[in-house]
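The values are calculated or read from the model by the stated rules, or taken from the named source; none is laboratory data. Since the model is a prediction, treat every value here as computed from it, not as a measurement. Using ideal geometry, Cβ is built from the backbone for each residue, glycine included, and neighbour counts are taken over all protein chains shown. Accessible surface areas use protein heavy atoms only, side chains included; no ligands, DNA or RNA. Shrake-Rupley method; radii C 1.70, N 1.55, O 1.52, S 1.80 Å.
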Amino acid sequence: TLQRCLPLPTLRGEWQSGLVGSRCPGKVSPTGWISVLHFTVNEDLKQMLESSKDSAKLDAMKRIVGMIAKGKNASELFPAVVKNVASKNIEIKKLVYVYLMRYAEEQQDLALLSISTFQRALKDPNQLIRASALRVLSSIRVPIIVPIMMLAIKEASSDLSPYVRKNAAHAIQKLYSLDPEQKEMLIEVIEKLLRDRSTLVAGSVVMAFEEVCPDRIDLIHKNYRKLCNLLIDVEEWGQVVIIHMLTRYARTQFVSPWKVKEYSENNFYESDEEQKEKDQKVKDTYSMDPDHRLLLRNTKPLLQSRNAAVVMAVSQLYWHLAPKSEASVVSKSLVRLLRSNREVQYIVLQNIATMSIQRKDMFEPHLKSFYVRSTDPTMIKTLKLEILTNLANEANISTLLREFQTYVKSQDKQFAAATIQAIGRCATNITEVTDTCLNGLVCLLSNRDEIVVAESVVVIKKLLQTQPAHHGEIIKHMAKLLDNITVPVARASILWLIGEYCERVPKIAPDVLRKTAKSFTDEDDLVKLQILNLGAKLYLTNSKQTKLLTQYVLNLGKYDQSYDIRDRTRFIRQLIVPNEKSGALSKYAKKIFLAQKPAPLLESPFKGRDHFQLGTLSHTLNSQATGYLELSDWPEVAPDPSVRNVEIAESAKEWTGILGKPKKEKPTEKFYSESEEEEDESAGTNSSGRYLESILHLHCLENCIFRTDLCLNKIEKVTKKSRAVYKIRKSEAKVYVTTQVSVPAKTHELLHRMSGKGLAAHYHFSRQPGIFGDHMVSVQVTVTNTTDHKIENIHIKEKKLPPGMRMHEFSPIECLEPAGSITVSVGIDFCDSTQIASFQLCTKDDCFSVSIQPPVGELLLPVTMSEKDFKKEQGMLTGMNETSAMIAVAPQNSTRLVIIEKLVKAANLGVVPSGQDNIHRFAAKTVHSESLMLVTVELKGSSTAQLIINTEKTVIGSVLLRELKPVLSQG
């Protein structure tokens, strides 16, 4: 009924290949229809990709990417897709690159035809296109394009966008695997990217470092402190890579912090007073390197990470690097991970099992967290049991044995057997409970389950070897069970015990040999070997009763099918039965067979894993995996710590060049009282250290904003529709742009007179609506001639602006007289970001590179609205659009006037009327996108307040929150 008759001539030639299996001419089988349907879908997509309409192409690409996401093969469409790689539509181009990244390696020949397009895309204004082009280029695994890839990586490593630089770091690893001979050139790029201050790049470049040149520790020296400080802001998988790398680095650069404890132990037991004094001096001279402490301090907060891999990485770092007294801080975080899925539990429990062998005290407070649950899979149960056994001591053994009694009754036989082994280990490790455990195991011999009985026999055998003289009754009891036990390992263990201690059971041992001789031919090979051993031992100790029986058993073994049995039989016969051919060993037969054997040592299977770094694949497998890098031993003497020093002067100079030097406020425009100004001035002249800290803080803000520009652009494009709705909604409320209250214009240096050959320039933000356009920030530039001659034709040239940013330059200044000064207006559209606007300020003879970077507060225009409208707008900007923080307010900053003055000075905000004395409201809109920015300060008491910011621009809101917090907390 599923088949339909179709005239074959009406089908296209390609369809006929899908009709194989049709049972009658002119009919299509159901299998054939699937092929026809698949072909039809691909044909439709090809036609859509060849359409002249971008909407059809975009729809086709979305469907193709959806197919890839579902795991379907879309490689047949490669020729049709690659034709659209040069599309002018950015959305189509993005999806094409997603497709090419998936199939470029499979369809290398066709991808090579578009390589010129990829090279052009590397210059595209859109950072997503540049990054995608680099990813596709590095996915084409053809040696002939290695030089092109190398050039592309070098250029991308200097890109303004951190997202592109991140992809350059990813491409380094691909190129290295394709052509290892490029190692030296790649190391140069890695060294350059390691100096990058963007947290988006840090994790990727360290991953490239670990892949290409993990032995080049010298590249890390200058970047060590920076990586430690950036670690908290790096994305999660980057944190894992950096932490593992820094663990290896620290083991080569710092001395062991564990020696302190060793010295103190030596002093305790040392009887020689001189030696005690010597050791005490060594102890006193040890002090942890500040860089060592920096690493431990900056990684500790990551124990609260939501990513299990990050927590595990920090835990292994503390295990391998921290003093033993501090390593216990990781235990609580590791136990928290036991609430995760079973895969995470398995890895975490394996590492805890290794830790608990050496340092029981770390996990003893969390003993109940390792109790087995009925829903746990076997692998988790076994690991928890291993940890409980490691943590067992005289104080908690009674509780654990009661727990183990429940586990033995489990339906999971593998787990029950593991529990019996755990009981045996507890019995050997804690002598006080040895007899109790042994009696309990003997009771298990009457269990109905053969596996439980067999495991009990094996464990009892090991325990009896430690105290054989006191347990003759147990051996007799086990001999009686031999008729009922069928598991070969258990039967072999009983026979070994009877043979080993045959002199203690002289009446039972011969009878056991008689019974087993009858069933010899039906026994397992393991049991046969022990029957032969039993016969040999009885022949040497009780030959009158067992001589003929032993010879019978030896004759059976002589013709056994197994060559192991036959060889053992010949060996024993020559050794215990003297004849002419017997060698010199026959006289030592009794010493050989009845020698004292050492008791077996019951140890944890995790005892030998501690030489692998925790959290690695090698530790999990207990075998060295490919690419594993061993931790080096602590150096006896720490290498020179000065290699990690970075010149502060150079750094300050570089940062100043990027951010612009802060200048003092104009003395004519007073905002604070004279006493406050004097305090500020003295503080500014006497605290160069705090000045550097402020530069560092601004630099961190720059990285934060720069790193999230990609997300901002993406959100803005995706949410155009929602923004349009928001603008309609916004128009319903009465929101008016207002002029700012009088505030001092903070002046920044644009060009120093020494750098400008006598031409000096300063700028400040006028906080007025832009006269050059609605989206432009107005900047007032004051140009001064400090020379004794005229400067002609002062103008702006060669603007280097990030994508999307625009600048309206001032009209050229024809002539500036000596000691003359002139103020001109410049309009800059910063696109609601604090990216730097770089350009050249030129004269008739020279050009000078300068840059302007706006504070977040200068990207706003103040607006006024009623309190009702403010609350209405605030109610619509909650959830993800709201950021808040509790701050400690200085006593002198708790009045309404001071709060308004402080906030209005820090950011271009308008004051909104408020009917409550403890709540102060401010409003503004962003210059570029006109998104509302609502700021609320709610005083909770005399010393605390809650600062709330509501805005669509969540990134700008969070940065503004960070800048406003210290405004009210500082005096």
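Loop-located GluC sites (Glu not before Pro) across segment 487-553 with a Cβ neighbour count of 16 or fewer within 10 Å are 503, with loop assigned by DSSP.
Sites listed here are trypsin sites (Lys or Arg not before Pro) in segment 292-359 whose DSSP assignment is loop and whose Cβ has at most 11 other Cβ atoms within 10 Å: 306.
Applying 0.36 nm per residue to the separation of residue 216 and residue 642 and subtracting their alpha-carbon distance, the gain on full extension is 151.6 nm. Computed from backbone phi, the HN-Hα couplings of segment 899-910 come to 4, 4, 4, 4, 6, 5, 5, 6, 9, 7, 10, x Hz, rounded to whole numbers (Karplus: 6.51 cos²θ - 1.76 cosθ + 1.60, θ = phi - 60°; Gly and Pro given as x).
Between residue 56 and residue 405, the FRET efficiency estimated from the beta carbon spacing at R0 = 56 angstrom works out to 0.20.
In whole angstrom, segment 137-214 maps to an equivalent ellipsoid with semi-axes of 19, 13, 10, each derived as √(5λ) from the alpha carbon gyration tensor and ordered largest first. Length gained on full extension, residue 329 to residue 379: 15.4 nm, using 0.36 nm per residue less the C-alpha separation. Starting from the Cα of residue 450, move 7 Å in the Cα-to-Cβ direction to define the label point; list residues of segment 511-540 whose amide nitrogen is under 16 Å from there. Flagged as within label range: 522-528.
Rounded to the nearest 10 square angstrom, residue 587 shows an accessible area of 150 square angstrom against a 1.4 Å probe. Residues within the reach of a label modelled at residue 489 (point 7 angstrom out along Cα to beta-carbon, backbone nitrogen below 20 Å), restricted to segment 513-532, are 523-531. Residues 868, 965 ordered from highest to lowest accessible area at a 1.4 Å probe: 868, 965.
The calculated FRET efficiency for residue 511 paired with residue 436, based on their beta-carbon distance and R0 = 30 Å, is about 0.45. In this simple spin-label approximation, residue 755 and residue 89 carry label points 7 Å from Cα along the Cα→Cβ vector, and these lie 4.6 nm apart.
Placing 588, 628 in order of accessible area, with the largest value first and a 1.4 Å probe, yields 588, 628. Let me test this: with uniform point scatterers at the alpha carbons of segment 478-594, what is the Debye-based log₁₀ I(q)/I(0) at q = 0.09, 0.11, 0.18 1/Å? Those come out to -0.21, -0.32, -0.87, one per q.
Length gained on full extension, residue 73 to residue 793, computed as 0.36 nm times the residue gap minus the Cα-Cα distance: 252.8 nm.
Convex hull of alpha carbon positions in segment 748-893: directionally averaged projected area 12.8 nm². Among 748, 170, 292, the order of accessible area from largest down is 170, 748, 292, computed with a 1.4 Å probe on protein heavy atoms. Checking every one of the trypsin sites (Lys or Arg not before Pro) in segment 496-541 against DSSP loop status and a limit of 11 other Cβ atoms within 10 Å picks out 507.
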